[in-house]
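Take a look at the structure set out below.
Read-outs: derived from the displayed coordinates by stated rules, not from any lab. Just so it is clear, the model here is predicted, and its values are computed rather than measured. Backbone-built Cβ (ideal geometry, glycine too); neighbour counts: all protein chains shown.
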Amino acid sequence: MPCGGETTALDREPNAEAGNATGAYGDASNLYTYIDRDKVYGLNLDPPESAKNAIKPWDERNSTEVWIESGVDDQMIITVPFTCPVRLQSVLLNPGTGDFAPRRCTLFVNRPNGIDFDEALAEMDAVPGTHLGPAGGARPQADFALLEQTPGVTAYPVSVSRFSQTHSVSVMLVRVVLMQSDSPTQHTSRVFYIGFIGKALDLRQDTVYKHDVAAANSSTHPVDGVADKQGAASTPSVR
């Protein structure tokens, strides 16, 4: 799909699906069509290409017939490339419930070759979101605990400034929140759906606007913007 489609921002809080949410969650703002699905891959998945099974159309988000599952332990990393730069606003996750549901998500932006477990774990803190960094740096760009025992899809907002020019995102999911624990988990992790809310960027339009090349037509050139909605939520903010 061509780049440049508008989206609607979600609240800056985790937002569990209400069951009939189709506007802000639906295809109008869902980046599924901008994901290079054939190039999605995972670590601690067999085979690595099976990671794309979690990248589903919106109408299959609650399907439990297909999922991805980690291999030797509870950790997995899924790297998702996009067909053009995007501005991410939220990550959509359906990890299911029960013993196989991951409890923590950490995001690394613009790692062309992905990130391995040693690199990721070296930069993670015991408390999610303690230290974050800019895109492409060593530190993660988002790190948060997942809502537990919440069926269906939940939207986890991210900092737009850290995800303003996203070419790819590596999603690390684990069950053990305290990474320094000496006791290995006896469970694997499962995920049924991974999606993204945001805006696909049209670089040609951005170039004309920023450098004012077409001065004669500048008065009619559309201004790139995202409309924010503010709402109340009872859960802690995601960083």
Practice task
Between D59 and E119, take the C-beta separation as r, use R0 = 30 Å, and let me know the FRET efficiency to the nearest 0.05.
Solution key: 0.25
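Would you mind getting me the FRET efficiency between E49 and V127? Use the beta-carbon distance for r and R0 = 22 Å, nearest 0.05.
Numbers: r = 34 Å, r/R0 = 1.53.
After rounding, the FRET efficiency stands at 0.05.
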Handout entry: Gain in span if fully extended, S164 to V72, counting 0.36 nm per residue against the direct Cα distance
Key = 29.7 nm
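Provide the packing ranking of 37-48, 188-199, i.e. peptides ordered by the mean count of other C-beta atoms within 10 Å per residue, highest first. Display every interim value, and only then the final one.
Details: 37-48: 16.4, 188-199: 24.2.
Put in order of decreasing packing, that is 188-199, 37-48.
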Exercise for the section: Residues in the range 55-93, backbone N under 16 Å from the label point at H187 (7 Å along the Cα-to-beta-carbon vector): list them, ranges by number please. Expected result: 68-76
Fill in the blank from the handout: Highest mean packing first, using Cβ neighbours within 10 angstrom, the peptides 138-150, 56-68 sort as 138-150, 56-68
